[in-house]
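All remarks here apply to the structure that follows.
Throughout, read-outs are computed from the coordinates displayed, never taken from laboratory work. Keep in mind that this is a model prediction, so the values were computed, not measured. Here the Cβ is made from the backbone with ideal geometry for all residues, glycine too, and neighbour counts use every protein chain on show.
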Amino acid sequence: MTRDASGRTEHGSLGDGEDARGLLKLALSAIAVGALAGLVGSAFHVGLAAADSARVMVLEWAHRYPTAGWLAPAMLAAAAAFVSRWLVRRFAPEAAGSGVQHVEAVVRGVALVPAPAILPVKFVGGILALGAGLALGREGPTVQMSATIGHLWSQAFKLRAGESRVLLAAGAGAGLAAAFNAPLAGAIFVFEELLRRFELRIAVATLSACGAALVVMRMLIGDRLVFAVPPIAIEMFPGFFLLVIVGGLFGLLGVAYSRMVVAGLDLVDRARRIPPEAIAAIVGAVVGLVAFVSPALVGSGESEVRAVLNGGPTLGAVIILFAVRLVLGPLCYAPGFPGGLFAPLLAVGAAGGLIVGIAFESTLPMLRMALPGYAAVGMATLFVAVVRAPLTGIALVVEMTGATSLFVPLLVACASAIAVPAMLASRPIYDTLQERDTAKRTRMPKP
């Protein structure tokens with residue numbers, strides 16, 4: 001066997017004692033970064049829970065005054081959105097949006113390393129935005145904050161540039177793992193989406209970080225499924241062919257959703273004369289009004305997904321949920337709030353999956369699959385169609401629901417969900433967002 005420049009053999013085994021010590025140092029650093037990511041992710045989770053409780057209290061108070069009560073949630077949401085967007089513009093512009101695209105750009109060497117200001121801006125701004133009820137996810141802020149922790153740790157201990165990037169990516173994976181209590185999805189996310197390769201050092205760092213993050217998170221806020229579902233029984237034949245069709249339908253929906261996200265960003269970019277904080281306040285006010293009319297339609301969407309997976313809503317309610325969330329997600333992402341894309345995608349996918357399931361159940365009764373199964377398939381396939389990371393999407397949905405019976409159905413459905421957008425030349429959303437960010441940085445005047 002031959003050795004490469006790092007001292008490893010062609011099969012990735014360690015070549016000498018010095019490299020073994022380096023690997024041990026990297027593993028210990030990854031454990032520390034993962035533990036810090038679990039701590040920050042847990043604190044962010046607790047902060048969001050408190051903000052959600054405050055929003056519920058405001059809405060309950062507002063409904064006592066039907067004539068003018070709507071002003072309170074609208075104005076408070078507008079104010080929170082204004083401050084959230086101002087924090088981003090003033091202190092950390094790279095904290096805008098999900099943050100995953102920025103982490104990818106740093107890993108690939110096309111963006112500057114994350115500034116320390118990302119941590120407080122993403123934390124406070126994320127709680128303000130998500131607490132106001134905006135249709136954004138907590139996973140984006142948690143991923144970017146955790147990646148920043150990885151970079152700061154490598155700076156503090158003067159790690160080499162290559163190890164610093166690995167530690168940054170491992171921190172990002174630990175953040176996703178802590179956000180959704182999904183360690184396997186967090187690790188796969190690093191291999192499949194961030195670094196897009198598998199190597200010994202990457203594996204050691206990523207698995208160490210994700211494991212440490214979950215240990216800390218579960219110690220602080222407990223170990224529970226994000227979406228507990230009843231047992232899902234699935235007959236694979238002739239349902240196998242049905243799942244191919246369902247995956248294709250959600251592949252088309254994913255193309256539409258991606259284009260809506262980009263169209264919203266384009267619209268905001270063209271409104272250069274309007275301060276971004278003003279646009280953010282307008283969107284916040286709209287969300288506040290929606291919350292006053294129907295509180296269940298706003299927020300990250302996790303409560304709605306739980307209801308859908310347990311078969312609670314009627315068909316009419318699910319159609320309304322699907323239509324509103326389909327528009328609300330891109331609308332809330334457009335102004336550049338520090339919030340993620342994953343959770344809103346899952347809400348739209350779950351609602352759409354249940355609608356498809358009800359339609360098939362009434363027209364093709366011989367194709368048997370429990371309705372929660374359709375909702376779960378909708379979640380995974382829409383995620384895969386938009387993000388183009390099938391293994392991450394499958395692992396994420398299975399870990400969040402605990403339904404291991406979904407593995408084979410998701411493999412079948414996600415195959416067509418990823419094929420359809422590819423045939424339509426629709427690019428993965430984070431590649432598109434990363435290119436937009438790079439183009440903006442290129443156009444910015446140099447100081």
Next item on the list: Using the charge dipole of the range 17-221 (Lys, Arg: +1 at Cβ; Asp, Glu: -1 at Cβ; taken about the Cα centre), state which of Leu168, Leu112, Leu24 has its Cα farthest towards the positive end.
Entry: Leu112
Next item on the list: Please work out how much length the chain gains when fully extended from Ala419 to Asp269, using 0.36 nm per residue of separation minus the C-alpha to C-alpha distance, in nm with one decimal.
Entry: 50.9 nm
Notebook entry, point to check: For the range 54-62, what does the Karplus curve 6.51 cos²θ - 1.76 cosθ + 1.60, with θ = phi - 60°, yield as ³J(HN,Hα) per residue in whole Hz, taken in order and with x for Gly and Pro?
Noted result: 5, 5, 4, 5, 4, 5, 5, 5, 5
Next item on the list: Note down the nm distance, to one decimal, between modelled labels 7 Å out along Cα→Cβ at Ala49 and at Arg196.
Entry: 3.8
Margin query: Give me log10 I(q)/I(0) at q = 0.16, 0.17, 0.19 Å⁻¹ for the range 236-442, Debye formula, one equal scatterer per alpha-carbon, no solvent.
Written below: -1.02, -1.13, -1.34
Next item on the list: Report, by chain and number, residues whose modeled amide H sits under 5 Å from the one on Gly402, excluding near sequence neighbours (fewer than 5 apart, same chain).
Entry: none
Checklist line | Positive-end residue of Val215, Ala296, Pro330, charge dipole of the chain with Cβ unit charges | finding: Pro330
Notebook entry, point to check: What size of dipole, in debye to the nearest 20, comes out for the range 173-259 about its Cα centre when the only charges are +1 on Lys and Arg C-beta atoms and -1 on Asp and Glu C-beta atoms?
Noted result: 200
Note to self: Could you list Phe44, Phe241, Phe189 so that the one with the fewest beta carbons within 10 Å of its beta carbon is first and the one with the most is last?
What the structure shows: Phe241, Phe44, Phe189
Next item on the list: Please give the peptides 265-273, 27-35, 382-390 ranked by average Cβ packing (other Cβ atoms within 10 Å per residue), highest first, as a rough proxy for protection.
Entry: 382-390, 27-35, 265-273
Checklist line | Dipole magnitude of the chain, debye to nearest 20 (Cβ charges: Lys/Arg +1, Asp/Glu -1, about Cα centre) | finding: 1120
Checklist line | Whole-percent pair-distance distribution, where bins are 20 Å wide, for the alpha carbons of the chain | finding: 26, 57, 16, 1
Next item on the list: Find the relative contact order for the chain and round it to a whole percent, using C-alpha pairs within less than 8 Å whose residues are 6+ positions apart.
Entry: 23
Check: Under a 5 Å amide H to amide H cut-off, with H placed in plane at 1.01 Å, what residues pair with Met369 once short-range neighbours are removed?
Finding: none
Item checked: Gain on full stretching of the segment that runs from Ala161 to Leu364 - 0.36 nm per residue minus C-alpha separation -> 67.4 nm
Next item on the list: Quickly work out the Val215-to-Arg436 label distance, labels modelled 7 Å from Cα along the C-beta direction, and quote it in nm with one decimal.
Entry: 4.0
Next item on the list: Please list 350-361, 151-162 highest first by mean number of surrounding beta-carbon atoms within 10 Å per residue.
Entry: 350-361, 151-162
